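**Q** Quick one: the structure is below, and I'll ask about it shortly.
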Amino acid sequence: MADQANVSPILSQQLLLNVAEQLKLPLLQIARQAEYGRLTNQPDLKTIQATADTALQLLDNYLLGVRLNVSDQQLSIEQVSIASVLYDAAQQLDGFAKSYGVALELNIAGKFGPVMANRQGLQSALVSLGAAMIEALPAQESPDLKIQLATHRCRYGIVAGLYSDVEQLTSKALNQGRRLQAVSRQPLINVSHTSAAGVFVADAILHAMQLKLKTSRHHRLYGLGAVLKPNYQMQLV
Amino acid sequence: MAHIILIEPDRLLAQIYCQSLTAARHSVIPCASAQAAILAADQQTPDVVVLELQLIEHSGIEFLYEFRSYTEWQNIPVILHTQVPAGEFASNWQLLRDELGASAYLYKPLTSLRGLTKAINTNLSLVA
């Protein structure tokens, strides 16, 4: 559960600033799409809906992250199937990815037993991360607009995360971003043109579940993922 | 009809601005990064550049320094159309205007599609 000694109202304020800055983007997109639709009498309602849905998800996930970090609310830790969480996260991100022309791929090859986490928290963290990576990918001028939701074993446990060919996504960039999130409009300047609030919201949610957000590699791709503990008892059964 | 380089990192916004400017009879090359914009300008000299300052890796200001270092691009109007509020670079505005030739500033969240088109047309008429 959230380590109350680490609870910081300043952290939540930093995150609020970050999220507020981030939310200007979907609102701007909706405003301009609506304006163009009015001028042409052909509003692109599908894109407007996907944009609004993603903004609402970010707000929900932000609230979850802050509540978990600053209140006594706790998420119950349970056995969770990573494959099903990744699948559901992919479903949630699908419309947003399509509107950005990004292909989402699921890569859950291999057998992974259940892990200990909170399903809602883990899914919210992955969706937040995914939305941040999806909107940043075309801005990288990446030739391959593809993001993989994937899982693999590592020496700390099992990593579930999102991966692309953006090699600037390093642990140095992530740690620098964490330090800069309150003072810079672009804490992850080599990765995202926005405040990348989704990354820090995911960080806050995972922190509340005593999990860590880390940069990791998946085959030849670079990404961010949550390090999860396998449920060894279930593996013995 | 003018040839515009639109430096906009957000793909959804770039699409909308391109559609709107194309409907206003301009030709638009969208670029997500400063490097892509320099390459695009090298291929076809623009009549005007619309620039977001918040880009990945090289910022819009770095783009301006690079862009203005070429003599043939020194008089091309560059309109700052950005998410960065004026207050955040007010002390640098003189540098941006006088040294780097920023011809106008538009705060993106409060600028309509019509407002952008109008600013582009105004800048084009000043150059002509």
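**Q** Taking chain A as a Gaussian network, Cα atoms linked when under 10 Å apart, which of A:Leu39, A:Leu137, A:Leu56 shows the biggest mean-square fluctuation?
**A** Looking only at A:Leu39, A:Leu137, A:Leu56, the biggest GNM fluctuation is shown by A:Leu39.
**Q** Follow-up question, since we're still on this one. Within 10 Å of each candidate Cβ there may be at most 14 other Cβ atoms; applying that plus a DSSP loop requirement, which chymotrypsin sites (Phe, Trp or Tyr not before Pro) in the range A:137-216 survive?
**A** Qualifying residues, ordered by number: A:Tyr156.
**Q** For peptide B:112-119, how many partner chain Cβ atoms fall within 10 Å of a residue's Cβ, on average?
**A** Counting other chains' Cβ atoms within 10 Å and averaging over B:112-119 gives 2.
**Q** So for the protein assembly as shown, taking the charge dipole from beta-carbon charges (+1 Lys/Arg, -1 Asp/Glu), which of A:Gln29, B:Ala104, B:Ala14 sits furthest toward the positive end?
**A** A:Gln29
**Q** Right, here's the next one. Taking only DSSP H segments of four or more residues, each worth -39500 (n - 2.57), what value at 222 nm results for the protein assembly as shown once the sum is divided by all its residues, to the nearest 500 deg cm²/dmol?
**A** The helix-only estimate for the protein assembly as shown comes to -15000 deg cm²/dmol at 222 nm.
**Q** What does the structure give for A:24-32 when I average, per residue, the other chain Cβ atoms found within 10 Å of the residue Cβ?
**A** So the per-residue partner count for this stretch is 5.
**Q** While we're looking at this one, here's another question. Quick check on the exposure proxy: order A:Asp44, B:Asp10, A:Asp60 from fewest to most C-beta atoms within 10 angstrom.
**A** Ascending number of Cβ neighbours within 10 Å: A:Asp60, A:Asp44, B:Asp10.
**Q** To one decimal place, what orientation-averaged projected area in nm² is obtained for the convex hull of the Cα set of the range A:4-236?
**A** Taking a quarter of the hull surface, the average projection is 12.9 nm².
**Q** Provide the percentage of antiparallel DSSP beta bridges, counting only those with both residues in the range B:1-79; round to the nearest 5.
**A** Percent antiparallel among DSSP bridges in the range B:1-79 is about 0.
**Q** Right, something else. A:Lys229 to A:Lys212: extension gain in nm, 0.36 nm per residue of separation minus the Cα-Cα distance?
**A** Result: 5.1 nm gained on full extension.
**Q** Give, as a single signed number, the net charge of other residues whose beta carbon lies under 12 Å from the beta carbon of A:Pro187, with Lys and Arg counted +1 and Asp and Glu -1.
**A** +1
**Q** Also, I was wondering about something else. Relative contact order (percent) for the range B:3-127, with alpha-carbon contacts under 8 angstrom and 6 or more residues of separation?
**A** Computed value for the range B:3-127: 23 percent relative contact order.
**Q** Identify all aspartates and glutamates with a Cα-Cα distance to A:Lys111 below 17 Å; exclude those on the same chain that are fewer than 8 residues away in sequence.
**A** Correct list for A:Lys111: empty, as no aspartates and glutamates qualify.
**Q** Here is a further query. Averaged across the residues of B:5-12, what count of C-beta atoms belonging to other chains lies within 10 Å of each residue's C-beta?
**A** Average per residue, whole number: 6.
**Q** While we're here: Order B:20-26, A:97-103, A:112-118 from most to least packed using the mean count of other Cβ atoms within 10 Å.
**A** By packing density, highest mean first, the sequence is A:112-118, A:97-103, B:20-26.
**Q** If you build a Gaussian network model of chain B, linking Cα atoms that sit under 10 Å apart, which residue out of B:Thr71, B:Thr111, B:Thr45 swings the most?
**A** Checking each option, the largest mean-square fluctuation is seen for B:Thr71.
**Q** Another question, if that's okay. Please list, by residue number, everything in the range B:37-81 whose backbone N is under 16 Å from a paramagnetic label point 7 Å out along Cα→Cβ of B:Glu99.
**A** Backbone N within reach: B:59-70.
**Q** Could you tell me what % of all Cα pairs in chain B have separations over 17 Å?
**A** I get 52 percent for the Cα pairs in chain B exceeding 17 Å.
**Q** Right, next: Give the Cα extents of the range A:55-180 along the principal axes, in whole Å, largest first.
**A** The Cα atoms of the range A:55-180 stretch 43, 36, 31 Å along their principal axes.
**Q** Hey, in the GNM for chain A with a 10 angstrom Cα cutoff, which one of A:Leu75, A:Leu213, A:Leu188 fluctuates hardest?
**A** Comparing A:Leu75, A:Leu213, A:Leu188 in a Gaussian network model of chain A, the most mobile one is A:Leu75.
**Q** While we're on this one: Could you list the chymotrypsin sites (Phe, Trp or Tyr not before Pro) in the range B:1-100 that lie in coil according to DSSP, counting only those with at most 16 other Cβ atoms within 10 Å of their Cβ?
**A** Listed in order of number, the matching sites are B:Tyr70.
**Q** Still on this structure, please answer the following. Tell me which lysines have Cα within less than 19 Å of B:Lys118's Cα, excluding those fewer than 8 residues away on the same chain?
**A** The reachable lysines, counting only those whose Cα sits under 19 Å from B:Lys118, are B:Lys108.
Coordinate-derived values only; no laboratory data. What you see is a predicted model, and the numbers here were worked out from it, not measured in a lab. Using ideal geometry, Cβ is built from the backbone for each residue, glycine included, and neighbour counts are taken over all protein chains shown.
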